[in-house]
Ligand SMILES: [Zn+2]
């Protein structure tokens, strides 16, 4: 949850200036939805509590439990690829009703980039005709994927990624991780604590295996076999290698304090000693390029083989 955004919006509400539609944009897992829920709680709290998670009033409890009649949530069904026009129509219908309990009715659309075109167009009308006492909040990690007509009718609220240093500190304190683990997960979480937590121990294990093979010269077959042909695993593996190469560059340039893979420093240092700075930055460029080729739908096995053989 983003306290700063929340406080700002609560102040706007108190001044009677809350907009009727917001677009919360920022990386997955950064707390956009949690902030939207907390806003609905703060605005509708029966005791005007500042910390809704500690409030036991009827309204705060119902919103937290997902059973408040004036709190509407729209999201992609698990077995579908997008949000359908029928879902949007259902929401619009419920928005027509007068608020039953809440001072302000809220509708939150999770990952609004998953609207299919018909759904987006149906929703557009709702955005164009604000209703008094109703606030719409759309969340997305990819604002550019929304129809510009939808985007332009919402006030944009950006959720910035947390700095890796700040995040490592909070992961260490709140999740009981070791300092090294916290730094690693924070770096791979890309500014999103939720994403870092989701990676978790499984990722730490996968990362060790990738690095084991990576530091073993010449084992192309073992590397390709370990990663497999799944595109997401390939992205992850290349991301891990890229981070190790960047670490090697840091060590080479005397900035060893910036190393992410602290637990593998000895091997990374050995690798760095074998290469010139130019070679290292060449490696970084080529792995970055390989990731781009995965985006371009190139054969996973071919991309992995090329990467392994040039290092
Ligand atoms: Zn309350």
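The values are calculated or read from the model by the stated rules, or taken from the named source; none is laboratory data. Only a predicted model underlies this, so the values are computations on that prediction, with no experimental measurement involved. Virtual Cβ from ideal backbone geometry, glycine too; neighbours counted across all protein chains shown.
Residues of the stretch 54-71 that are over 18 Å from residue 134 (Cα atoms), without any contact (Cβ under 8 Å) to a residue 12 or more places away in the chain and either more than 8 Å from the ligand (Cβ to nearest atom) or not assigned by TED's automatic domain parsing to the domain that holds residue 106 (or both): 54, 65.
Scanning the stretch 99-115 for residues that are in a loop (DSSP other than H, G, I, E, B), more than 16 Å from the ligand (Cβ to nearest atom) and in contact with a helix residue (DSSP H, G or I) (Cβ under 8 Å, 6 or more places away or on another chain) yields one hit, 110.
Here the stretch 250-277 is the region considered, the condition is being part of a helix (DSSP H, G or I) and modelled with pLDDT under 90, and the residue that is surrounded by the most Cβ atoms within 10 Å (Cβ to Cβ) is 252. Taken over the stretch 140-184, residues that are in contact (Cβ under 8 Å) with a residue 12 or more places away in the chain and out of contact with any helix residue (DSSP H, G or I) (no Cβ under 8 Å at 6 or more places or on another chain) amount to 5. Only one of the listed residues (198, 236) is in a helix (DSSP H, G or I) and surrounded by fewer than 17 Cβ atoms within 10 Å (Cβ to Cβ). That residue is 198.
Taking the conditions (1) away from the ligand (no atom under 13 Å from the Cβ); (2) more than 17 Å from residue 114 (Cβ to Cβ); (3) in a helix (DSSP H, G or I); (4) under 22 Å from the mean Cα position of the chain (by Cα) in turn, residue 93 satisfies each one other than (4).
From the list 96, 78, the lone residue that is surrounded by fewer than 17 Cβ atoms within 10 Å (Cβ to Cβ), out of contact with any helix residue (DSSP H, G or I) (no Cβ under 7 Å at 6 or more places or on another chain) and under 20 Å from residue 153 (Cβ atoms) is 96. Just one of (1) part of a helix (DSSP H, G or I); (2) more than 28 Å from the chain's Cα centre (by Cα) fails for residue 217. It is (1).
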